[in-house]
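K.L.:
Next up is a structure, given as structure tokens.
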Amino acid sequence: MFGSHGAAELESCSTMQYFGCNDLATAERISRRLGKCSTSQAKSWTNREKITREVDLVTPAEVMQELRSSSNLQYLFPSSSLPMRLERVAFKPLHTRDGGKFSGLPLDGHYDDGLSKQTYRPR
């Protein structure tokens, strides 16, 4: 909708939260945003020259595995700090059909649970 430059600008000033990832394009974007790490090793015992290569910190396949719909993990990309991998929780305990189990937030006394049990009846 915004094009690649507009999307990058919007993403750079927003907090992005990813969970339940099931498409490769999103997994690749997350992997790219997490960055790369450098590894180095000696060519051989006799040759002390080192080979350095960069690899994804987290590969797209690992992202899809960690963020599958039944996983309780999420990636959070705040605009003003480093990315985080956090446990995802629900407001109330939640069990999904595909085996996901999410613990609820300990919010006893912080909201009126009775409102969720009422139904709307038009007059």
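Rule-based calculations on the coordinates, nothing more; no lab input. What you see is a predicted model; the values in this text were computed from it and never measured. Methodologically, a virtual Cβ is constructed for each residue, glycine included, from the backbone with ideal geometry; neighbour enumeration extends over all protein chains shown.
K.L.:
In the range 53-67, which residue that is within 15 Å of residue 37 (Cα to Cα) and of a type in the set (A, V, I, L, M) is surrounded by the most Cβ atoms within 10 Å (Cβ to Cβ)?
P.N.:
The residue in question is 58.
K.L.:
Could you check, for the range 14-34, whether at least one of its residues is in a helix (DSSP H, G or I), among the acidic types (Asp, Glu) and surrounded by 12 or more Cβ atoms within 10 Å (Cβ to Cβ)?
P.N.:
The answer is yes, given that some residue of the range 14-34 is in a helix (DSSP H, G or I), among the acidic types (Asp, Glu) and surrounded by 12 or more Cβ atoms within 10 Å (Cβ to Cβ).
K.L.:
OK, next. For residue 14, are the conditions met, namely being in contact (Cβ under 8 Å) with a residue 60 or more places away in the chain and within 19 Å of residue 84 (Cα to Cα)?
P.N.:
Yes, satisfied.
K.L.:
Only one of (1) in contact with a Lys or Arg (Cβ under 6 Å, 6 or more places away or on another chain); (2) in contact (Cβ under 8 Å) with a residue 60 or more places away in the chain is not met by residue 88, so which one is it?
P.N.:
Of everything listed in (1) in contact with a Lys or Arg (Cβ under 6 Å, 6 or more places away or on another chain); (2) in contact (Cβ under 8 Å) with a residue 60 or more places away in the chain, residue 88 misses just condition (1).
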